[in-house]
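Scroll down for the structure; my scribbles are underneath it.
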Amino acid sequence: MNIVETPLGAQAREPKTDAAAPLLEVVDLHTEFVTARGIVRAVEGVSFTVRRGEVVAIVGESGSGKSVTALSIMRLLPRQSARIPKGRIVFDGRSLLDLDDEQMRKLRGRDISMIFQEPMTSLNPILTIGLQITEPLKIHLGMTDAQAQARAVELLGLVGIPDPEGRLEQYPHQFSGGMRQRVMIAIGLACNPKLIIADEPTTALDVTIQAQILELMKNLSRKLNIALIIITHNLGVVARYADRVIVLYAARVAEQGSADAVFHRPRHPYSMGLLRSVPRLDRPRGAKLETIEGLPPNLVDGSSGCRFAPRCPYRIAVCDQEPPLSPTDTGGFSRCHRHAEIATGKITWAAAEGKAEITAATSAEPLLSVRNLSKYFPVGGGWRRDRVVRAVEDVSFDIFPGETLGLVGESGCGKTTVGRLILHLETPTKGSIRLAGIDLASATAADLKTMRRKVQVIFQDPYSSLNPRMTVGQIVGEPLHVYRIVPGAQQAEARVAELLENVGLRREMAERYPHQLSGGQRQRVGIARALAMEPSFIVCDEAVSALDVSIQGQIINLLEELQRKYGLAYLFIAHDLAVVRHISLRVVVMYFGRIMEVADRDTLYREPLHPYTKVLLDAAPVPDPTIEKGREPRLIKGELPSHLAPPAGCVFNTRCPIASQECREVVPPLEQKKPGHYAACIKV
């Protein structure tokens, strides 16, 4: 067998010369789960092929069967409850369903690797990161300890983890969520497999690291003929990297075809709705995001007609019959009775009505005023307690009543810490936070109790922030009893029902538990609980990052509607720049604990001044293959510096493309460069 050197310095098998034969072939795959409520048909009749060097994206809402399809290919389904009653999976000429466990173990990690969505459940908490990366290198490639150690350091550096040698001895709990995801990607790339299945590989990553990781994976795919399956709800990533797209809905293939065809000439109403739900950086803000109303069907119940029909605006009588997966004029396939009418333009997705609304401040006096805010965390123990992490350094901004301020930046820049300081969950090291004229640092217990009612938070993960042992009604009603907002139990029950209706949930949802709700419904419950306190200000910490495209649009529209109705102010913390542009009036860009730039939304996105803001915007993908294939993403150079040894001068100078010696010596102040436009850069 011939050996070729890879760009990562490892050895890989030379790919087969028969490029015409598909590497992976999935034929009529059915996967079922046996539950107490019946048989859940998670995958039904899914068929597709993946060729060597090809990037195939699988998209669709949660529960559509994307991850189950991947787990079926990997043979990682739970034996007690899952089964594959029908179908065929052929990889590199071998039928995977006919292999025994030992033969599959030899394939996994070596020939097929999978990058899982949730790294904390995939990494062993009692083993060091180094041991977990070197283990497959020793088992599959036969490397020595020294070779595996060197390779592990190289892999961690390539996925953007600073101080890789020191990090090898640390444990998963000592890494942030984004860092753990990078470790999972490093493990997946370690042996340069023939096929990589990446299940939401960049959900927890910033746009800059996301671009680096996906460029690395695509380069490997092209140079070594590695096939890549990306499962994601980020349509910008799909547009930038995918050759073909498979759209799943309710366990079936709704549409598949080339990326250009699916994005520009979709032939299924579900695909059309998904594409219209996405906020875009390259287009002006619309009146509101267009969404697909309703929820996917229950996969336990049998369905005799089109599964998308209950949510489809173009449903007709024939939709009561199951549509076949038919070839279309684009060279792809669509499971829609009316795909020919879509092709001729007789069916188009109607645009949202109304004009673009600007969420403007309703007062000249700020509701929240943050001045020179700093937060230092001591690290180490004993004589090393003098070492500190400067998580937030000299941050100042105002938020006015009825305004949304967007806060963006990479992981570790201090966004969430700022939110926790405002919520009084952390005590500032320096600086002041004034809410409605009250200084929270010197506030009395009574003042803080009042503040708790005025300031609420919507967390990133609604499932972990809701008590699983309480019903929705108890969760939403708890603050009503604690703060005696309503006089009695009957009034509290009526208020809970009203709150649920305000966030688009039926009254009977009050009797359910969090695990009985979808992700979007749980997020709505979190919003209802925040509203129960009758606040004037809400911190939204990555409130929509874990949601599907269509559900994300519903939640964003809901937040804007509630803001107009109740005059709420938001601090919207996110790393999705398109979402921030849609919902925010002004935007603050942070890097390494400091503010780099502040401006109104349209000005910042149209004319960014700071080099870091420009890099962020260049790295953000646009859901349009024509635009993405015609440009090279401007990847950020250099490594993220260590918080224990911050760079002198401007904190961005180690990665800035225009840094000079002066930038390495002088800390640039945040100055007004244009009316209402502030930047911390001496080069502007």
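The values are calculated or read from the model by the stated rules, or taken from the named source; none is laboratory data. Note that the coordinates shown come from a computational prediction; the quantities given were computed from them, not determined experimentally. In this analysis, Cβ positions are derived from the backbone assuming ideal geometry, glycine residues included, and neighbour counts consider all displayed protein chains. What goes into the accessible areas is simple: the full protein's heavy atoms, side chains included, and nothing from ligands, DNA or RNA. Shrake-Rupley method; radii C 1.70, N 1.55, O 1.52, S 1.80 Å.
Please tell me the relative contact order of the chain in percent, rounded to the nearest whole number, where contacts are Cα pairs under 8 Å and at least six residues apart. Provide the component values of the computation, followed by the final result.
Values: 1360 pairs, mean separation 89.7, N = 684.
It rounds to 13 percent for the chain.
What part of the accessible area of region 67-171, given as a whole %, is carbon or sulfur when the probe is 1.4 angstrom? Don't skip to the end; give the middle numbers.
Details: 2620 of 5250 Å².
C and S atoms contribute 50 percent here.
Using a Förster radius of 35 Å, what is the FRET efficiency between Thr49 and Ser304 based on their Cβ-Cβ separation? Nearest 0.05, please.
Working: r = 29 Å, r/R0 = 0.84.
After rounding, the FRET efficiency stands at 0.75.
Let me check something: with ligands and nucleic acids excluded, how do Lys454, Lys66 order by accessible area (1.4 Å probe), largest to smallest?
Values: Lys454 80, Lys66 20 Å².
Ranking Lys454, Lys66 by accessible area, largest first, yields Lys454, Lys66.
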**OP:** Using θ = phi - 60° and the Karplus relation 6.51 cos²θ - 1.76 cosθ + 1.60, list the HN-Hα couplings for region 478-489 in order, rounded to whole Hz, with x at every Gly or Pro.
**Re:** 3, x, 5, 6, 4, 9, 6, 6, 10, x, x, 5
**OP:** Run the quick spin-label model on Glu607 and Gln147: label points 7 Å from Cα toward the beta carbon, then report their separation in nm to one decimal.
**Re:** 5.8 nm
Original post:
Applying 1/(1 + (r/R0)^6) with R0 = 22 Å to the Cβ-Cβ distance of Arg88 and Gln321, what FRET efficiency is obtained, to the nearest 0.05?
Top reply: 0.25
Original post:
Under a point spin-label approximation (7 Å from Cα along Cα-to-Cβ), what is the Val27-Glu561 distance to one decimal in nm?
Top reply: 4.9 nm
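For the chain, what does the accessible surface come to per residue with a 1.4 Å probe? Please give it in Å². Working shown, then result.
On the way: 28990 Å² over 684 residues.
In whole numbers, the chain has 42 Å² accessible per residue.
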Original post:
Over what distance in Å are the Cα centres of region 92-114 and region 204-231 separated?
Top reply: 23 Å
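Could you give the length gained on full extension between Ala436 and Ser95, defined as 0.36 nm per residue of separation minus the Cα-Cα distance, in nm?
Length difference between fully extended and current span is 116.1 nm.
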Original post:
If ligands, DNA and RNA are left out, what is the accessible area of Lys683 with a 1.4 Å probe, given in Å² to the nearest 10?
Top reply: 100 Å²
Original post:
When the solvent-accessible surface of protein heavy atoms is calculated with a 1.4 angstrom probe, in what order do Val278, Val245 fall, highest first?
Top reply: Val278, Val245
Original post:
Among bridges DSSP assigns within the chain, what percent are antiparallel (round to 5)?
Top reply: 60 percent
Original post:
Which value, in Å² and to the nearest 10, is the accessible area of Tyr678 when all protein chains are kept and the probe is 1.4 Å?
Top reply: 80 Å²
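What is the calculated FRET efficiency for Glu671 to Arg222, with r their C-beta to C-beta distance and R₀ = 30 Å, to the nearest 0.05? Kindly include the intermediate steps, with their values, before the conclusion.
Details: r = 44 Å, r/R0 = 1.47.
Result of the calculation: an efficiency of 0.10.
Calculate what fraction, in whole %, of the accessible area of region 508-661 sits on carbon and sulfur atoms when a 1.4 Å probe is rolled over the protein chains.
On the way: 2500 of 5060 Å².
About 49 percent, which is the carbon plus sulfur part of the accessible surface.
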Subject >> Projected label distance in nm at Asp600 and Ser642, using a 7 Å step from Cα toward the beta-carbon >> reply: 4.5 nm
**OP:** Can you grab the distance from the C-alpha centre of region 448-488 to the C-alpha centre of region 595-629, Å, no decimals?
**Re:** 36 Å
**OP:** Could you tell me the accessible area of Arg222 in Å² (1.4 Å probe, neighbours in place), rounded to the nearest ten?
**Re:** 100 Å²
Original post:
Each residue of region 591-596 in turn: what ³J(HN,Hα) in whole Hz from Karplus with 6.51, -1.76, 1.60 and θ = phi - 60°, glycine and Pro shown as x?
Top reply: 8, 6, x, 10, 7, 9
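Within region 369-482, what whole-number % of the accessible surface is contributed by carbon and sulfur, with the 1.4 Å probe and all protein chains included in the calculation? Could the numbers behind the result be given before it?
Working: 2700 of 5280 Å².
Carbon plus sulfur share of accessible area: 51 percent.
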**OP:** Quick one: compute the contact order of region 196-309, relative version, from alpha carbon pairs under 8 angstrom and 6+ residues apart, as a percent.
**Re:** 18 percent
